[in-house]
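Quick notes on the structure that follows.
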Amino acid sequence: MSALRRKFGDDYQVVTTSSSSSGLQPQGPGQGPQQQLVPKKKRQRFVDKNGRCNVQHGNLGSETSRYLSDLFTTLVDLKWRWNLFIFILTYTVAWLFMASMWWVIAYSRGDLNKAHVGNYTPCVANVYNFPSAFLFFIETEATIGYGYRYITDKCPEGIILFLFQSILGSIVDAFLIGCMFIKMSQPKKRAETLMFSEHAVISMRDGKLTLMFRVGNLRNSHMVSAQIRCKLLKG
């Protein structure tokens, strides 16, 4: 048994079974109980190494509305794959929506058909289809600079849309970039380099029985004002 444990580690346990109890033929002379290797059932930790408690909340009314009331913190607490998905989706939808608005203005004014007329002044110069309207929006939003496409002073609705685009772009940038920056600055992965002893002991210390375990830091950088909190579960 000790040889099997050294070979397979502590993730498996040796179980002794009897062939007669499992409905097989009776054991013959010299045949003893059989041993088989069964993987151990890993118990779920009550507190993860990063400090998160594995507690599920139940029977809470209007739980979704509570998360949506603090949308910024909800986005920060999401996993990275969902953050990146929301980041890409928000910008894609916003870009397509604003490009559609510029195309609608050009379509309603008839600029799409008169874009190549020499003496005609359109709302946005050289916008004659949706791809060109999309490129004009990207040039405006990313402040790349105008060259071939530019807004003219003959279009008051275009000026209003330009102001709305600038305000909306600033809000989206501040919200999403701030969310990503705060999520990257959170020291959650710092716990990956903190090692805890596998076993805790109870021993006399200063004349009192004390629960003791060891914590090791794998990094060379020191932790300033570190605090350790423990939870005791009593059956």
Packing-ranked peptide list from 170-177, 197-204, 120-127, highest mean Cβ count within 10 angstrom first, is 120-127, 170-177, 197-204
In segment 100-235, carbon and sulfur make up what percent of the accessible area (probe 1.4 Å)? 61 percent
Students sometimes get this wrong: rank Ser132, Ser108 by accessible area, probe 1.4 Å, all chains present, largest first. Ser108, Ser132
Explain nothing, just the number: dipole magnitude of segment 126-235 about its Cα centre with +1 on each Lys and Arg Cβ and -1 on each Asp and Glu Cβ, in debye rounded to the nearest 20. 1100 debye
Roughly how many Å² of Leu71 are accessible to a 1.4 Å probe, to the nearest 10? 80 Å²
Per residue, in Å², the accessible surface of segment 74-202 once ligands and nucleic acids are set aside, probe 1.4 Å: 65 Å²
Go through segment 140-235 and name the trypsin sites (Lys or Arg not before Pro) that are in a DSSP coil and have 15 or fewer other Cβ atoms within 10 Å of their Cβ. Lys154, Arg214, Arg219, Arg229, Lys231, Lys234
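The values are calculated or read from the model by the stated rules, or taken from the named source; none is laboratory data. In this text, all values refer to a predicted model and were calculated from it rather than measured experimentally. We place every Cβ from the backbone using ideal geometry, glycine too, and count neighbours over all the protein chains shown. For the accessible areas, the whole protein counts, side chains as well, though only heavy atoms, and no ligand, DNA or RNA atoms are used. Shrake-Rupley method; radii C 1.70, N 1.55, O 1.52, S 1.80 Å.
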